[in-house]
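Structure first, commentary second.
The values are calculated or read from the model by the stated rules, or taken from the named source; none is laboratory data. Treat the numbers as computed from the prediction; the structure is a model and nothing was measured. As a convention, Cβ positions derive from the backbone with ideal geometry for all residues, glycine included, and neighbour counts pool all protein chains shown.
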Amino acid sequence: MRPRGSAEQRLAWLLCAPAVIAMLAVTAYPMLYALWLSLFRYDLRFPGERHFVGLANYAAVLESEVWWRSLLNTLMITVGSVAVELVLGLVFALVMQRALVGRRVVRTGLLVPYGIITVVAAMSWRFAFDPTTGFVNGLLGLHGAWLAERWSAFFVIIQTEVWKTTPFMALLLLAGLTLVPEELLRAARVDGAGAVQRFFRITLPLMRPVILVALLFRTLDAFRIFDTVYVQTRGAQDTATVSLVGYDTLITRLNLGLGSAVSVLIFVCVVLIAALYIKGFALDLSTSGRGR
Amino acid sequence: MGRLSLSGVLVCALAVLASCGEQSTRQPRLHWYVFDEQSGAFQEAARRCSVQSQGRYEIVLAPLPTDADQQREQLVRRLAADDPDIAIIGMDVIWTAELAAAGWILPWEGEAARQARVGRLASAVQSASYDGRLWAAPFTTNTQLLWYRTDRVNKPPATWDEMIATAEGLGKVGTIEAQGERYEGLTVFFVSLLASAGGQVLSDDGRSVSLAPEPTHRALEIMHRLATSSVADPGLATAREDQGRLAFEQGSPSFMLNYTYVWPSAHADAPAVAAHMGWARWPAVIPGRPSRVTLGGINLGIGAYTRHPKLAFEAALCLASAPNQRLAAERGGLPPTLRALYDEPQIRRVFPFAEVLRETLRDAVQRPQTPLYADVSLAISHTLHPMRAIDPDRDVARLRAAVGRALRSEGLL
């Protein structure tokens with residue numbers, strides 16, 4: 001039996017090899033290169049002045065008020081948008097599941113925003129909230145410039161995110177809903193549980209793994225938010241996110257060392273968030289898809 | 001090494017797909033990287049020069065985004081990767097020092113430099129110079145004027161204080177349109193105010209911070225006063241040139257600080273407003289001392305890695321010659337850098353304000369000429385945004401510190 005086992009194993013590795021090599025080339029290599037670059041003082045304009053500075057770039061970023069403010073902004077946008085998306089997504093998922101008439105129209109309609117390119121969605125909402133060209137002020141009878149104040153700018157950014165990605169959340173949760181066995185719900189009904197009780201005592205607990213996966217995906221996505229903020233405020237009104245700070249440093253200032261340090265720190269944050277979900281909420285990625 | 005070989009493979013693949021193969025058989029193609037000019041004036045200039053060369057070269061436009069920041073981002077990434085495709089660059093005046101110091105463009109020397117300088121406005125030539133050398137041929141220039149409603153204001157205001165007071169007297173239609181978003185336009189606005197107050201951002205050698213307390217304080221005072229007055233546009237903190245133009249064309253505002261493109265635009269989009277549109281020199285900060293307004297425009301530089309440097313210099317001179325400047329002015333509304341053109345009747349038809357424009361350009365101020373300009377500009381616009389939150393007493397020191405950090409490439413911005 002053993003020789004066959006090892007031959008199979010070899011075959012398995014062989015079959016995996018192209019994917020592994022591709023992954024190493026396009027993800028592991030750039031990541032390690034960024035880590036390497038972050039240890040240098042390196043300006044793309046003056047490659048001759050490149051020299052090793054150890055962890056000085058990290059010290060510069062971590063000592064900077066800009067980094068901590070942008071981290072706080074990012075966390076606010078992440079928590080704000082993901083929380084609203086979860087609640088709305090659940091509602092939409094229930095609607096999509098229970099819709100009796102026009103099921104396909106409802107599902108397609110709900111998914112439209114997700115099909116729109118983020119930049120386009122961000123532009124549309126920017127124009128919608130603009131005091132001269134937008135309809136929002138007219139609709140609400142207001143006169144303010146939404147993107148000119150910090151909190152209203154956050155509101156516009158978060159609502160754009162919510163508008164755009166709630167369908168994604170709803171879709172994932174809908175998949176979770178279909179995993180709840182119908183007979184269990186019927187049995188509970190026979191036992192006298194009301195609709196609310198059935199939802200909180202049976203549906204939600206059974207959906208827990210799916211909800212956690214959906215939350216993990218969305219949290220990681222939301223944390224790396226770039227396009228919406230870039231288009232709507234470009235980080236003004238103190239709405240800069242960590243990705244925007246990285247972009248400014250790397251792409252505008254061409255400071256590869258400092259910018260790579262920012263990128264690595266963003267990566268560390270992402271790992272921490274994932275670890276929090278997997279360890280903290282005991283999320284098991286390998287079984288959640290089967291809904292236990 | 002991994003990166004080299006991988007990118008090498010990619011370059012080869014792209015080269016096969018693109019036109020590299022044609023090079024040997026056809027005439028050299030010179031790619032002109034320049035912002036996407038909508039009227040077709042650049043396209044026509046490229047065609048003319050290609051024809052004039054009698055088959056020695058062909059200029060091919062490579063349009064860049066209209067936003068100057070994005071143009072720069074695309075160009076510097078290519079130049080840092082030694083892209084030989086870039087022959088001629090339509091350089092925004094603020095890139096000269098950066099591209100020159102990085103060795104990404106070739107200096108103009110000898111006869112070519114002489115031809116590129118002759119008859120040009122001194123401020124335009126200065127914008128293409130760095131470290132005592134010429135790095136580009138001045139092509140088009142640009143600067144802001146004060147636009148106002150002749151049906152509401154009898155005489156254009158001479159100073160900022162006068163303008164704000166007049167505007168406040170007009171009530172609801174007194175709005176002044178300016179650029180207040182956190183971007184290059186805010187830096188431009190500050191530099192114009194500072195220079196008009198007699199100050200400068202950097203020392204003459206560009207290596208240390210100048211920002212003398214008195215003029216800086218004065219400039220910040222005006223920004224703060226404008227932003228907190230009733231005549232500021234409610235959207236000032238997110239306003240760029242085009243928001244100001246659109247608002248002015250809607251008819252309500254009475255004043256606007258903007259580039260000359262608003263003139264043809266108003267005639268096309270809002271003839272009723274255009275009929276009452278007057279122009280004047282940018283208001284002064286100190287009474288009796290003419291304003292000094294920030295210079296813009298496009299100069300033609302030669303990419304350091306081009307395969308055909310000699311032809312590229314020749315082609316750039318052709319593109320920047322009088323007939324093509326006339327074309328860019330008449331069709332694209334871009335003010336020429338050749339002094340003599342401002343006296344020609346057909347140019348005066350396009351720019352009825354040619355006299356004020358030429359005077360403004362003569363006294364124009366350069367933005368700081370340092371390789372670290374992008375950092376310095378970010379430092380200025382980030383520190384001074386939003387304008388309504390400026391506290392002149394506190395922010396002079398903050399601004400000095402931020403610009404100093406930018407010059408030393410320190411920390412995040």
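If B:Lys155 satisfies all but one of (1) away from every other protein chain (no Cβ under 14 Å); (2) assigned to a helix (DSSP H, G or I), what's the number of the condition it fails?
Condition not satisfied by B:Lys155: (2).
Output the number of the condition that B:Ala68 fails; it satisfies all remaining conditions of (1) surrounded by 21 or more Cβ atoms within 10 Å (Cβ to Cβ); (2) among the hydrophobic types (A, V, I, L, M, F, W, C); (3) under 30 Å from B:Leu372 (Cβ atoms); (4) touching a residue at least 40 places away in the same chain (Cβ under 8 Å).
(1)
When you check A:Glu149 against the structure, is it within 14 Å of another protein chain (Cβ to nearest Cβ) and out of contact with any Gly (no Cβ under 8 Å at 6 or more places or on another chain), yes or no?
Judged against the criteria, A:Glu149 is a match.
Listed residues A:Ala25, A:Ala34; which is within 13 Å of chain B (Cβ to nearest Cβ), small (Gly, Ala, Ser), in a helix (DSSP H, G or I) and closer than 15 Å to A:Ser263 by Cβ?
On inspection, the qualifying residue turns out to be A:Ala34.
Would you say B:Gly180 is within 23 Å of A:Arg150 (Cα to Cα), out of contact with any Cys (no Cβ under 9 Å at 6 or more places or on another chain) and within 14 Å of chain A (Cβ to nearest Cβ)?
So B:Gly180 fits the description; yes.
Test B:Ala284 against the stated conditions and say whether it is more than 14 Å from chain A (Cβ to nearest Cβ) and crowded, with 19+ Cβ neighbours inside 10 Å.
It is true that B:Ala284 is more than 14 Å from chain A (Cβ to nearest Cβ) and crowded, with 19+ Cβ neighbours inside 10 Å.
All but one of (1) within 23 Å of A:Lys164 (Cβ to Cβ); (2) of a type outside the set (Asp, Glu); (3) surrounded by fewer than 17 Cβ atoms within 10 Å (Cβ to Cβ) hold for A:Ser70; which doesn't?
The single condition A:Ser70 does not satisfy is (3).
Out of the range A:226-239, which residues are modelled with pLDDT of 90 or more, surrounded by fewer than 24 Cβ atoms within 10 Å (Cβ to Cβ) and not hydroxyl-bearing (Ser, Thr, Tyr)?
A:Phe226, A:Asp227, A:Val231, A:Gln232 - these are the residues of the range A:226-239 that are modelled with pLDDT of 90 or more, surrounded by fewer than 24 Cβ atoms within 10 Å (Cβ to Cβ) and not hydroxyl-bearing (Ser, Thr, Tyr).
Considering only residues that are within 18 Å of B:Arg408 (Cβ to Cβ) and of a type in the set (Phe, Trp, Tyr), look in the range A:37-57 and name the one that is farthest from the other protein chains (Cβ to nearest Cβ). I'd like the intermediate steps shown before the answer.
Initial filter on the range A:37-57 (within 18 Å of B:Arg408 (Cβ to Cβ)): A:40-46, A:48-51, A:53, A:56-57.
Subset that is of a type in the set (Phe, Trp, Tyr): A:40, A:42, A:46.
Values: A:Phe40: 13, A:Tyr42: 11, A:Phe46: 7 Å.
Here the answer is A:Phe40.
Take the residues of the range A:145-180 that are in contact (Cβ under 8 Å) with a residue 24 or more places away in the chain and part of a loop (DSSP other than H, G, I, E, B): which is surrounded by the most Cβ atoms within 10 Å (Cβ to Cβ)? First the steps, then the outcome.
So the first thing to find is which residues in the range A:145-180 are in contact (Cβ under 8 Å) with a residue 24 or more places away in the chain, and the list is A:147-150, A:153-154, A:156-180.
Cutting the leftovers down to part of a loop (DSSP other than H, G, I, E, B) gives us A:149, A:178-180.
Numbers: A:Glu149: 15, A:Thr178: 13, A:Leu179: 15, A:Val180: 19.
So, considering only residues that are in contact (Cβ under 8 Å) with a residue 24 or more places away in the chain and part of a loop (DSSP other than H, G, I, E, B), the one surrounded by the most Cβ atoms within 10 Å (Cβ to Cβ) is A:Val180.
Report every pair of residues separated by at least 6 positions or lying on different chains whose Cβ atoms are under 7 Å apart, first residue within the range B:156-182 and more than 14 Å from B:Val285 (Cβ to Cβ), second basic (Lys, Arg) and in a loop (DSSP other than H, G, I, E, B).
Once the first residue is more than 14 Å from B:Val285 (Cβ to Cβ) and sits in the range B:156-182, its partners that are basic (Lys, Arg) and in a loop (DSSP other than H, G, I, E, B) give B:Leu170/B:Arg152; B:Val173/B:Arg152; B:Gln179/B:Arg240; B:Glu181/B:Arg240; B:Arg182/A:Arg234.
Just to verify a result, which residue in the range B:356-385, among those that are assigned to a loop (DSSP other than H, G, I, E, B) and more than 9 Å from chain A (Cβ to nearest Cβ), is surrounded by the fewest Cβ atoms within 10 Å (Cβ to Cβ)? Explain how you work it out, then say what you get.
Within the range B:356-385, the subset assigned to a loop (DSSP other than H, G, I, E, B) is B:363-364, B:366-372, B:384-385.
From what is left, the residues that are more than 9 Å from chain A (Cβ to nearest Cβ) are B:363-364, B:366-370, B:384.
On the way: B:Asp363: 17, B:Ala364: 27, B:Gln366: 20, B:Arg367: 26, B:Pro368: 23, B:Gln369: 21, B:Thr370: 21, B:Leu384: 25.
In this case the residue turns out to be B:Asp363.
Residues of the range A:240-253 being away from chain B (no Cβ under 12 Å) and buried (at least 24 other Cβ atoms within 10 Å of the Cβ), which ones?
A:Thr241
Please give the number of the condition B:Ala389 fails out of (1) more than 30 Å from A:Leu55 (Cα to Cα); (2) more than 14 Å from every other protein chain (Cβ to nearest Cβ).
For B:Ala389, the failing item is (2).
Could you list all residues from the range B:67-109 that are within 23 Å of A:Tyr247 (Cα to Cα) and assigned to a strand (DSSP E or B)?
B:Met91, B:Asp92
(1) without any contact (Cβ under 8 Å) to a residue 12 or more places away in the chain; (2) part of a helix (DSSP H, G or I): which one isn't true of A:Ala214, the others all being true?
With respect to (1) without any contact (Cβ under 8 Å) to a residue 12 or more places away in the chain; (2) part of a helix (DSSP H, G or I), A:Ala214 is out only on (1).
Against the definition (in a helix (DSSP H, G or I) and either among the charged types (D, E, K, R) or loosely packed, with under 14 Cβ neighbours inside 10 Å (or both)), how does A:Ala60 come out, yes or no? Outline the logic, then answer.
Working: in a helix (DSSP H, G or I): yes; either among the charged types (D, E, K, R) or loosely packed, with under 14 Cβ neighbours inside 10 Å (or both): no.
No, not satisfied.
Here are the criteria: (1) assigned to a helix (DSSP H, G or I); (2) surrounded by fewer than 18 Cβ atoms within 10 Å (Cβ to Cβ); (3) more than 11 Å from chain B (Cβ to nearest Cβ). Tell me which single one A:Gly89 does not satisfy.
For A:Gly89, the failing item is (2).
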